[in-house]
1. Give the residues of the range 1-43 that are of a type in the set (Ser, Thr, Tyr), farther than 23 Å from Gln224 by Cβ, out of contact with any helix residue (DSSP H, G or I) (no Cβ under 6 Å at 6 or more places or on another chain) and buried (at least 16 other Cβ atoms within 10 Å of the Cβ), sorted by residue number.
2. Given the condition in contact (Cβ under 8 Å) with a residue 60 or more places away in the chain and surrounded by fewer than 24 Cβ atoms within 10 Å (Cβ to Cβ), answer yes or no: does some residue in the range 169-190 qualify?
3. State all residues of the range 1-10 that are modelled with pLDDT under 95 and touching a strand residue (DSSP E or B) at 6+ places or on another chain (Cβ under 8 Å); if no residue qualifies, say none.
4. Could you please find all residues in the range 78-122 being at pLDDT 95 or above and not in a helix (DSSP H, G or I)?
5. Pick from the range 138-161 the residues that are in a helix (DSSP H, G or I) and at pLDDT below 95: which of them is farthest from the chain's Cα centre (by Cα)?
6. Restrict the check to the range 163-182 and report whether at least one residue is among the hydrophobic types (A, V, I, L, M, F, W, C), assigned to a loop (DSSP other than H, G, I, E, B) and either over 18 Å from His36 (Cβ atoms) or in contact with an Asp or Glu (Cβ under 6 Å, 6 or more places away or on another chain) (or both).
7. Could you please let me know if Leu52 is of a type in the set (A, V, I, L, M) and in contact with a Ser or Thr (Cβ under 8 Å, 6 or more places away or on another chain)?
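The values are calculated or read from the model by the stated rules, or taken from the named source; none is laboratory data. Nothing here was measured: the structure is a model prediction, and the numbers come from that model. Cβ atoms come from the backbone with ideal geometry, glycine included; neighbour counts cover every protein chain shown.
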Amino acid sequence: MPGRLPTKGDFPSGVVLSITPPPSSQKPTNVLILLHGLGDTNASFTRLGQQLNLPETVCISLQAPNPLPFDLGGFHWGDDMVFDQSSGEMDVDTGFKAATRLVLDTIIQEGLIRKCGYKPREIMIFGYGQGGMVGLQAAAEHDGDELGGAISIGGVLPSSLPLKALDKKSKTPVLICKGSRNSAVSDSAVKKIKDAFEFVEAKEWRKTGDSMPQNRDEMLPIMQFFARRLRSTHGVPTGSVELG
């Protein structure tokens with residue numbers, strides 16, 4: 001039996017998320033879980049899911065569980081909050097045990113698989129920055145059949161990833177996207193990801209930093225990854241690679 005369209009009632013009331021159904025009343029054959037970056041909310045990735053307009057794919061934009069301090073307005077995925085004393089910036093890699101359990105147990109296992117009837121292969125994760133780190137850790141720790149895929153923009157495997165997750169390489173295919181200059185994704189970070197996953201594709205954009213894709217060329221490898229991994233009879237629409 002194929003999975004059914006999830007509703008907010010399939011998840012605990014305290015979890016903040018939005019659900020964008022597939023375009024044109026298509027069957028929800030796939031689920032794409034969207035994880036925003038540090039200091040953001042799920043609203044921006046709700047719009048991303050709408051812009052992607054992926055065939056037969058329901059998008060779930062999940063909000064990080066922890067608010068930033070000082071009424072800054074955004075949220076973060078970390079277990080702790082640590083600030084660099086020299087720069088004053090928040091440390092991105094502060095452990096993601098709670099966030100990983102939220103994604104793996106609450107969203108994927110309990111909500112999507114048990115209640116909605118999806119198979120792991122039909123579930124993909126897309127994360128940006130700190131959200132990408134959570135997505136990679138969740139994919140690495142997922143037991144059983146591989147997930148449909150994991151995409152990380154500027155996010156690496158957390159330093160706190162339990163060694164047990166690296167004992168056996170995950171079969172979940174991974175796409176890493178990074179800037180060619182001043183990227184948070186170093187060569188050693190890519191190697192660590194390749195040590196944890198059997199199938200890793202790394203795409204380097206010609207730009208400074210790891211911002212979200214800004215044009216068709218930057219979006220193309222992501223759409224190609226979707227085209228290979230999404231279970232769809234319609235293919236990926238050519239117009240959906242444009243992001244505003």
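1. Thr41
2. There is at least one residue in the range 169-190 that is in contact (Cβ under 8 Å) with a residue 60 or more places away in the chain and surrounded by fewer than 24 Cβ atoms within 10 Å (Cβ to Cβ).
3. Result: Gly3, single match.
4. Result: Cys116, Gly117, Tyr118, Lys119.
5. Taking the candidates together, the pick is Glu141.
6. No, every residue in the range 163-182 fails to be among the hydrophobic types (A, V, I, L, M, F, W, C), assigned to a loop (DSSP other than H, G, I, E, B) and either over 18 Å from His36 (Cβ atoms) or in contact with an Asp or Glu (Cβ under 6 Å, 6 or more places away or on another chain) (or both).
7. Judged against the criteria, Leu52 is a match.
Here's the yes/no breakdown for (1) of a type outside the set (D, E, K, R); (2) touching a helix residue (DSSP H, G or I) at 6+ places or on another chain (Cβ under 7 Å):
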residue: Ser160; (1), (2): yes, no
residue: Asn182; (1), (2): yes, no
residue: Val200; (1), (2): yes, yes
residue: Glu204; (1), (2): no, no
